[in-house]
Amino acid sequence: MHALAKFGLATVLVTLAVLSNVLVTLSALSGAHAQIQGRQPEALYWQTFLVPEFGTTVEYPAGIFSVPDGKAEKGIGQRFSSADGRSLLTIYTRENEAGDTPASYLKNNLRVGRSALDYEQVTRSFFAISSTGQGLIFYSRCNFSTDAGNAIHCLDLIYPQAEKRAWDGVVTRVSRSLRPLEG
């Protein structure tokens, strides 16, 4: 799992998927007993992760990311992996000591060339990026806040590229839940 984290956690592919298709595939992939009636399956067991020092919150499916996998390598936070070890979620917050904007942060910290990105959205308050490699999708989103201790609130997701369609709804919900979000 640590090899996955070191590949380059900069990535994103935020695409909306039909909820029923997502639930069917996740049930087969993660062992969750998903129901396809358009309601949220209990097996995903959505929880909110909090970094109290900075007020960072993220909703994540604890039914998928059920294994605590140590502290985040950057800032303050936590890593979680799936029980089968094929997926990784890292949630962390770090001080924005350099006063970076989303654009300057990417320019200074992106581990791959921008041409390697499959998706890139950069605004004045956040960035979301994704790339693929070694059969995996790497997704990263960071929100930049001035009100919450001038912090950068981030999440990184790594999951199998072959299961992209099944993950689209999960990635969208996790990404959109990242707080604080300004502007």
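Read-outs throughout are calculated quantities, based only on the coordinates presented, and are distinct from any laboratory measurement. Just so you know, these numbers come straight off a predicted model, no measurement behind them.
Before moving on, here are some points about what is shown:
- Using θ = phi - 60° and Karplus 6.51 cos²θ - 1.76 cosθ + 1.60, couplings along region 155-163 (whole Hz; Gly, Pro as x): 9, 10, 10, 10, 8, x, 4, 5, 10
- Amide H within-cut-off set for TYR119, under 5 Å, with H built and near neighbours excluded: VAL12, SER130
- Phi angles across region 69-84 convert, under the Karplus curve 6.51 cos²θ - 1.76 cosθ + 1.60 with θ = phi - 60°, into 3J(HN,Hα) values of 10, x, 6, 4, 6, 10, x, 10, x, 9, 10, 10, 10, 6, 4, 8 Hz, Gly and Pro given as x.
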